[in-house]
Amino acid sequence: MKLELPTIQNWSCHNCSGCCRQHAIEVTSEERKRIEEQHWSSEDGITEGTRLMVPFGPFWNRRYRLAHRDDGSCLFLNDEGLCKIHAKFGEAAKPLPCRIYPYAFHPDGKKVTVSLRFSCPSVVANAGKPLHEQSRDIHEIANQVVPEKTIEIPPPRLSAGESVDWKDFHRFVRHLDQTFADDSTPFPVKLLQAVFWVNLVGQAKFDNIRGQQLEEFLDLITTAAKSEIVERTDEIDPPTKLGLSQFRLLVAQYSRKDSFVEGIGSLRNRLRRLKIYWQFAFAQGLLPEMREGLAAFPFDDIEKPFNQMPSKAHEILSRYFRVKIQGLHFCGPAYYNVPFVEGFQSLALIVPAICWLARWHAVSDHRSSLVTEDIAQAIAFADHHHGYSPPFGGRSFRRRVRILSKTGDLQKLIQRYVC
């Protein structure tokens, strides 16, 4: 199996234990049997009779996940932030989802491309060994999770009615990556340029445009984007009232911290979510305290002028986009099977949401200026959901993306919040 690794990304586990607190780990029947037969005792910090697994799902499709403590941490997380299963039996004894994270593997023609989840703070910080130095370990994981017939999967559609083969699809991906690889252009400008030419792709027909002609077409529209959008300007029309309302609802979804431990499916939590969405839709009252680091403050505090993001934050956002683009982690099988254009519009929309969350993080710390940590934390919050939370692939979310794109509010939101 040939793997395509992101060349700009480093990662090593730094035992922050974040993934052991924010993810519910489903286990196979074989993994469940193996863990239950490992003879856990009070010497391991697990008293006799402690339930190691928790059932979930309907009775006709009963599944199991690792148990969590009342504080949300995995039952097998020790006081040093390490996995007890790993410490006692080695990494190979852990459930496969624990071994995979934060890697993501996606079909890419005759190879498999590797992306990473930026919900991991070490990925956001680019901390650790270059991925190419870990190729052997990554291949070992990929061999366990990538289906044998992956190379038979067709490329994502470009738009609802347009498709090309893998070779031509890679042309679109390469031009998108090149847009964000330009270090001489500020990140907000690169983002607006990409939105500009991807929107043109969404309007085009490619029945008779292939190969070199397609390359020339992409060169033409990407050059036009650079000529049309050369700098960010504050002299823009504000987003529409509907656009702002839809955008705040999207931010509410990104700010959620979903887990089975919190009883996300209970009636009480559903009613609480409805109240929260009402508050966000109409910006009424105080922001609800959604999670640690996002405290209750007036909505107006987020809309006040903030300083420009530090240059380091721009670098993180550029790297975030390039890893997602190179790893095809924004469309097709990796992202609810949406087409290239819609998937990129969703990815572009995450940026003003990240900046809104970063402002909220700063206000919660009683600051009116952004620091790199605000952006880094907001990326981790938002990317926790990217491609993995079912509501983000649902009709209402996809309709919201289409509305904000068609009305031009996407660009206006970028101009308003991405500084």
Item checked: DSSP bridge pairs, the chain: antiparallel proportion in percent, nearest 5 -> 90 percent
Notebook entry, point to check: Taking +1 at the Cβ of each Lys and Arg and -1 at the Cβ of each Asp and Glu, which of 134, 83, 120 sits farthest along the dipole of the stretch 12-165 towards its positive end, judged by Cα position relative to the Cα centre?
Noted result: 120
Check: Which entry in (i) 36, 28, 20; (ii) 43, 26, 21; (iii) 53, 26, 20 matches semi-axes √(5λ) of the Cα gyration tensor in Å derived from the coordinates of this structure?
Finding: (i)
Check: With a sphere of radius 12 Å drawn around the Cβ of residue 362, what net charge do the other residues whose Cβ falls strictly inside it have (Lys, Arg +1; Asp, Glu -1)?
Finding: -1
Check: Say the cut-off is 18 Å between C-alpha atoms; which of 190/412; 2/94; 2/167; 226/406; 241/406 go over it?
Finding: 2/94; 226/406
Check: Got a sec? Charge dipole of the chain, +1 on Cβ for Lys and Arg, -1 for Asp and Glu; which of 330, 57, 105 is way out at the positive end?
Finding: 57
Check: Measuring from label point to label point, each 7 Å out along Cα→Cβ, what is the residue 272 to residue 152 span in nm?
Finding: 4.6 nm
Next item on the list: List the residues whose amide H sits under 5 Å from the amide H of residue 108, counting only those 5 or more places along or on another chain, with H placed 1.01 Å from N in the peptide plane.
Entry: 113
Checklist line | Rounded tilt (10° steps) of 395-406 against the dominant C-alpha axis of the chain | finding: 20 degrees
Checklist line | Given charges at Cβ of Lys, Arg, Asp, Glu: the chain dipole, positive-most of 11, 390, 23 | finding: 390
Check: What angle do you read, to the nearest 10 degrees and between 0 and 90, between the alpha-carbon axis of helix 372-383 and the longest principal axis of the chain?
Finding: 80 degrees
Check: What FRET efficiency comes out for the pair residue 160/residue 36, r = Cβ-Cβ distance, R0 = 41 Å, nearest 0.05?
Finding: 0.30
Checklist line | Value at 222 nm in deg cm²/dmol, rounded to 500, when DSSP H runs of n ≥ 4 in the chain each add -39,500 (n - 2.57) | finding: -14500 deg cm²/dmol
Margin query: Taking the Cα centre as origin and putting +1 on Lys and Arg beta-carbons and -1 on Asp and Glu beta-carbons, what dipole magnitude results for the chain, to the nearest 20 debye?
Written below: 1160 debye
Notebook entry, point to check: If you place +1 on the Cβ of every Lys and Arg and -1 on the Cβ of every Asp and Glu, how big does the dipole about the Cα centre of the stretch 3-151 come out, in debye to the nearest 20?
Noted result: 440 debye
Next item on the list: Could you list, by residue number, the cysteines of the chain that have no other cysteine's beta carbon within less than 4.7 Å of their beta carbon?
Entry: 13, 16, 19, 83, 98, 120, 331, 355, 419
Next item on the list: Could you give the size of the charge dipole of the stretch 74-201 about its Cα centre, using +1 on the Cβ of each K and R and -1 on the Cβ of each D and E, expressed in debye and rounded to the nearest 20?
Entry: 180 debye
Notebook entry, point to check: Amide H to amide H, which residues 5 or more places from residue 370 or on other chains are under 5 Å from it, using H placed in the peptide plane?
Noted result: 307
Next item on the list: Compute the FRET efficiency between residue 228 and residue 399 as 1/(1 + (r/R0)^6), taking r as their Cβ-Cβ distance and R0 = 30 Å, and round to the nearest 0.05.
Entry: 0.60
Next item on the list: Between residue 14 and residue 129, with labels modelled 7 Å along Cα→Cβ, what's the label distance in nm to one decimal, could you check?
Entry: 1.7 nm
Check: What angle do you read, to the nearest 10 degrees and between 0 and 90, between the alpha-carbon axis of helix 211-228 and the longest principal axis of the chain?
Finding: 80 degrees
Notebook entry, point to check: Can you list residues whose amide H is under 5 Å from residue 27's amide H, if they're 5+ apart or on another chain and H is modeled 1.01 Å from N?
Noted result: 64, 65, 66
Check: Expressed as a rounded percentage, what relative contact order does the chain have, with Cα pairs under 8 Å and six or more residues apart?
Finding: 20 percent
Next item on the list: Before anything else, pin down the relative contact order of the stretch 3-151: Cα pairs under 8 Å, at least 6 apart, normalised by residue count, whole percent.
Entry: 34 percent
Next item on the list: Using a cut-off of 14 Å between beta-carbons, work out the net charge of the residues near residue 220 (Lys and Arg +1, Asp and Glu -1, residue 220 not included).
Entry: -2
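No value in this document is a laboratory result; all are computed from the given coordinates. For clarity, every value in this text was computed on a predicted model and none was experimentally measured. Every residue, glycine as well, gets a Cβ built from its backbone with ideal geometry; the counts of neighbours run over all protein chains shown.
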